[in-house]
Amino acid sequence: MSEPRILVTGAAGLIGSAVSKLLRAAGLRVLALDLRAAGSGPAVVSGDFLDRATLAPLLAEADGVLHFAAVSRVIDGERDPERCWRVNAEGTGQLLDLAAKSPRRPWVVYASSREVYGQQEALPVPEDAPLRPKNIYARSKAEAERLMGEARAAGMRNAIVRFSNVYGATHDHADRVVPAFARAAALAQAGGRDASVRVDGAQCTFDFTHVADVADGVMRVVHLLRDGETKLPPIHFVSGRQTSLGELAALAAQVGGPTLRVTEAPARGFDVHRFAGDPARAAALLGWRATTPLEQGFSGLATEFRGMLAEVG
């Protein structure tokens, strides 16, 4: 019997690359697809999952799919809402249609976001809270979740996982808040005079989750689907801890030292301003909890950036 084959879209991204490593370590063959395959190693196929000619042959080989490819940032959705909808909603619909027609009928895990909850009155937020998407990115993710529900009703084994401010690798988007702050802290440690962070809404609070914890959670979902699970409800991987951007900036200053400059700006109007998720469902169904404290994860990321800066010169 051939080894199970798992298609990972967005395989060169933050979460996709971390999960792909765990899949390979578990003895599974990874069919890796990403637009940004250059520099990601020979195992990643360069291609767009929106291209049916690229996607269909990979799905024909796959026993399962981890769908991470997306317009993955709220700000990018605001800048190009049509592309955001085309990729996140319509693209996911096409993937589900092709997967349903594939002779192997692979199961599918869809990577959604805490953004679908919008601004909730009560925190922490459980998975069965009403979806109140506030921006185009969130609406596209909610639509993709709806399509996942239709696919399940038609007989597909699938699962929805929701992520919240995942961080933990230097190859993440440079202007995401945690890597931006961690790099600035590393620059300050190295004596950089222009090391600074900008806080867009110091009182805004988020639930920051380390990528190693998230990848572990996704693998637990994979094992359940491979074992035949058909009724797994949506699960979010969250720490359950609120951290304000002001507190994150203070952590950056603590790590970087007194030369790190902190400036403040108003919160962005299209963002959710307060979120913390309830990790109880992941604990009950998967035995999962986040184990990386933000202080540890942030300090480790800053150390990695410091090493990169030292290599550059």
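Couple of notes before you dig in:
- Taking Ala190, Ala302, Ala32 in turn, the Gaussian network model of the chain (Cα-Cα springs below 10 Å) assigns the largest fluctuation to Ala190.
- Neighbourhood charge, 13 Å Cβ-Cβ cut-off, centred on Arg162 and excluding it, Lys, Arg +1 and Asp, Glu -1: -3
- By the count of neighbouring beta-carbon atoms within 10 Å, fewest first, Met219, Met148, Met308 end up ordered Met308, Met219, Met148.
- Within a straight-line Cα-Cα reach of under 12 Å, Lys21 can be paired with the following aspartates and glutamates, leaving aside sequence neighbours fewer than 8 residues apart in one chain: Asp216.
- The Cα center of region 228-301 and the Cα center of region 58-123 differ in position by 22 Å.
- Within region 288-304, backbone nitrogen closer than 17 Å to the virtual label 7 Å beyond the Cα of Leu123 toward Cβ: 294-295
- Principal axis box of the chain, alpha-carbon based, largest edge first, Å: 60, 46, 39
- Helical runs (DSSP H, four residues minimum) scored at -39500 (n - 2.57) apiece and divided by the length of the chain put the mean residue ellipticity at 222 nm at -12500 deg cm²/dmol.
- Here the chain is treated with +1 on each Lys and Arg Cβ and -1 on each Asp and Glu Cβ, and its dipole about the Cα centre works out to around 340 debye.
- Overall, region 161-234 carries a charge dipole of about 60 debye about its Cα centre when +1 sits on the Cβ of Lys and Arg and -1 on the Cβ of Asp and Glu, all other atoms neutral.
- Local charge for Val30 was computed over the other residues whose Cβ lies under 15 Å away, with Lys and Arg +1 and Asp and Glu -1, and equals +1.
- Loop-located trypsin sites (Lys or Arg not before Pro) in region 114-216, at most 14 other Cβ atoms within 10 Å (DSSP): Arg193
- Proximal aspartates and glutamates to Lys134, defined as alpha-carbon separation beneath 15 angstrom and excluding residues fewer than eight positions away on the same chain: Asp76, Glu78, Glu115, Glu121, Glu143, Asp271
- GNM result for the chain, Cα springs below 10 Å: residue of Val238, Val262, Val44 fluctuating most strongly: Val262
- DSSP bridge pairs, the chain: antiparallel proportion in percent, nearest 5: 5 percent
- Set of lysines near Lys231 by C-alpha distance (under 23 Å), chain-local residues within fewer than 8 positions excluded: Lys101, Lys141
- Along the axis of the charge dipole computed for region 104-262 (Cβ charges of +1 for Lys and Arg, -1 for Asp and Glu, origin at the Cα centre), the listed residues Thr230, Val125, Ala195 are led at the positive end by Thr230.
- Max mean-square fluctuation residue, GNM over the chain, Cα-Cα springs under 10 Å, options Ala62, Ala89, Ala283: Ala283
- Relative exposure of Trp85, Trp107, Trp288, judged by other C-beta atoms within 10 Å (fewest first): Trp85, Trp288, Trp107
- Here region 74-118 is treated with +1 on each Lys and Arg Cβ and -1 on each Asp and Glu Cβ, and its dipole about the Cα centre works out to around 340 debye.
Read-outs: derived from the displayed coordinates by stated rules, not from any lab. Nothing here was measured: the structure is a model prediction, and the numbers come from that model. Positions of Cβ are backbone-derived with ideal geometry, glycine not excepted, and every protein chain shown enters the neighbour counts.
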